[in-house]
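See below for the structure under consideration.
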Amino acid sequence: MYQILCDGHVLYDPRDDELIVDNPKCKLGVNTVGSASFSIYATHPYYNFLKKLRSVFEIRQDGEAIFRGRMTEDTKDFDNIKAVDIEGVMAYFNDSIIRPFTFPEDFTNNEEYRTAAEGGNVVEFLVGWLIGQHNAQVQDFQQFKLGRVTVADANNYISRASTDYKSTWETLKNALFESALAGYLCIRYEEDGNYIDYLSDFELTNTQRIEYGENLLDLTNKSSGTSTYTAIIPLGAKVKNDDEEGTPEKQVTIEGLADGAVSEDIIKKGDTLYSKSAVEEYGWIYAPPSESKWDDVTEPQNLLEKGTEWLAGTGIKLSNTIEIKAVDLHFSDEDIAAFRIYRHVLTYSRPHGHEGQYRLTELDIDILNPQNTNITLGDTIRSLTDIN
């Protein structure tokens with residue numbers, strides 16, 4: 001059962017004829033702020049309680065909060081029916097500004113950073129610092145608490161810089177999940193506030209499965225070689241050049257390291273890494289600089305390791321994107337646990353020859369007609385061969 005609340009007042013409860021709204025929808029997605037909408041009649045007891053930007057809306061399913069947000073727009077029609085649009089609380093990150101900074105250079109005297117650099121997680125420190133900068137500029141209801149951070153760098157060193165004044169949300173995107181770190185920025189609603197988790201992968205799995213003939217609506221499998229590469233020129237940071245006749249800065253490369261086999265298949269030659277098997281299969285296809293650059297790597301040996309890992313794990317493999325759509329069986333059988341975003345889902349379809357575990361990346365909820373609620377699982381899997 002769904003409920004919609006505004007500042008603690010119940011706007012929608014199917015058990016009460018006075019607490020009714022029209023066409024309530026909620027859309028949740030990975031690395032997005034999420035959204036919700038509904039229409040409310042002038043006869044509703046809390047019709048005039050809704051405050052743009054200030055009121056906190058909450059959607060609960062079986063007593064558990066699955067969405068919180070604020071009203072950004074309301075539109076009244078001829079009959080005074082008010083259409084309400086809501087954005088998720090992570091949009092609060094758009095309300096604050098991060099001043100220009102250079103990480104980690106600006107933090108070398110910060111005791112918490114030194115502790116993170118020596119034996120902790122510098123990614124966790126950066127996430128916490130950005131949340132702290134945001135919290136210092138906004139009111140209590142707009143603030144967040146740092147949750148779990150499982151994203152980390154293998155060398156526990158990342159380099160981030162901004163010369164512009166950007167919103168905290170834009171900075172979070174650029175510095176975290178849209179960078180080479182990837183990962184998932186997740187919102188978690190607790191009684192004592194809103195927590196931000198930054199996860200390398202989802203840690204929980206929905207108990208409800210998706211199966212052909214039960215709740216599977218559609219399965220699409222797309223194989224592509226447009227992002228397949230057989231060679232890479234790894235590029236690191238630009239560092240100070242000590243040569244008297246040289247340029248002020250030089251790019252870190254692997255050219256000065258010894259040539260030869262790095263692994264059974266990966267070969268280093270000059271400033272290049274290439275896959276013997278992939279070159280024989282597809283020819284020479286160099287990865288673009290945007291895919292082969294690590295601005296936070298200053299040591300050639302570390303750059304060699306980064307480039308080898310990327311080429312073997314991502315570059316030489318074909319991309320298979322699988323999208324699955326299904327319905328939530330919880331609404332026809334309450335004994336079946338409802339789907340939750342930020343969790344994996346086990347899927348099985350014998351006619352498609354398909355079985356796997358995928359991330360629930362989108363949840364499109366029809367609150368009045370929950371049988372129409374759709375979930376989307378999207379995953380890109382790198383494999384050496386096409387899937388028929």
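The values are calculated or read from the model by the stated rules, or taken from the named source; none is laboratory data. Computed from a predicted model, the values in this text were never measured in an experiment. Because the Cβ atoms are built from the backbone with ideal geometry, glycine has one as well, and the counts that use them run over all protein chains shown. These accessible areas exclude ligands, DNA and RNA; they are computed on the full protein's heavy atoms, side chains included. Shrake-Rupley method; radii C 1.70, N 1.55, O 1.52, S 1.80 Å.
Partner aspartates and glutamates whose Cα lies under 14 Å from the Cα of Lys82, excluding those fewer than 8 positions away in the same chain, are identified as Asp22, Glu73, Asp74.
Could you please state how large a percent of the accessible area of the chain is carbon and sulfur, counting protein chains only and using a 1.4 Å probe?
Heavy-atom surface of the chain belonging to carbon and sulfur, 1.4 Å probe: 44 percent.
Relative to the current alpha-carbon distance between Thr298 and Lys25, full extension at 0.36 nm per residue lengthens the span by 93.4 nm.
With all protein chains kept in place, the per residue accessible area of the chain amounts to 52 square angstrom at a probe of 1.4 angstrom. Within the listed set Thr115, Thr253, Thr163, the Gaussian network model of the chain (springs between alpha-carbon atoms below 10 Å) gives the highest mean-square fluctuation for Thr163.
Rounded, prolate or oblate, given the Cα gyration tensor of the stretch 76-130, with a/c below 1.5 counting as rounded? Here the stretch 76-130 falls in the prolate category.
Excluding same-chain neighbours fewer than eight residues apart, the lysines reachable from Lys325 by a Cα-Cα span under 24 Å are Lys25, Lys27, Lys222.
Would you mind computing Rg(Cα) / (2.2 N^0.38 Å) for the chain, counting N as its residues?
It is 1.17.
With respect to the chain, whose longest principal axis is taken over its alpha-carbon atoms, helix 300-310 is tilted by about 50°. Packing, as the average of other Cβ atoms within 10 Å across residues, places the peptides 19-32, 298-311 in the order 298-311, 19-32, highest first. Rounded, prolate or oblate: which fits the stretch 142-293 when a ≥ b ≥ c are the square roots of the eigenvalues of the alpha-carbon gyration tensor, with rounded for a/c under 1.5 and prolate only if a/b beats b/c? It is oblate, given that a/c is not under 1.5 and a/b is not larger than b/c. The shape of the stretch 1-84 comes out oblate: with a ≥ b ≥ c from the C-alpha gyration tensor, a/c is at least 1.5 while a/b does not beat b/c.
Cα centroids of the stretch 97-139 and the stretch 67-86: 38 Å apart. Taking every C-alpha pair closer than 8 Å and separated by at least 6 residues, the mean separation divided by the residue count of the chain gives a relative contact order of 15 percent. The Kirkwood hydrodynamic radius of the stretch 42-110, based on inverse pair distances between different Cα atoms, is 15.3 Å. With both partners inside the chain, how many of the DSSP beta bridges are antiparallel, as a percent to the nearest 5? Just about 90 percent of them are antiparallel.
By how many nm would the segment from Ala337 to Asp164 grow when fully extended, if each residue of separation counts as 0.36 nm and the alpha-carbon distance is taken off?
Roughly 57.7 nm would be gained on extension.
Within the set Lys268/Lys306; Lys145/Lys173; Lys51/Lys76; Lys166/Lys293, which residue pairs have Cα atoms separated by over 21 Å? In this structure, Lys166/Lys293 exceed 21 Å between Cα atoms.
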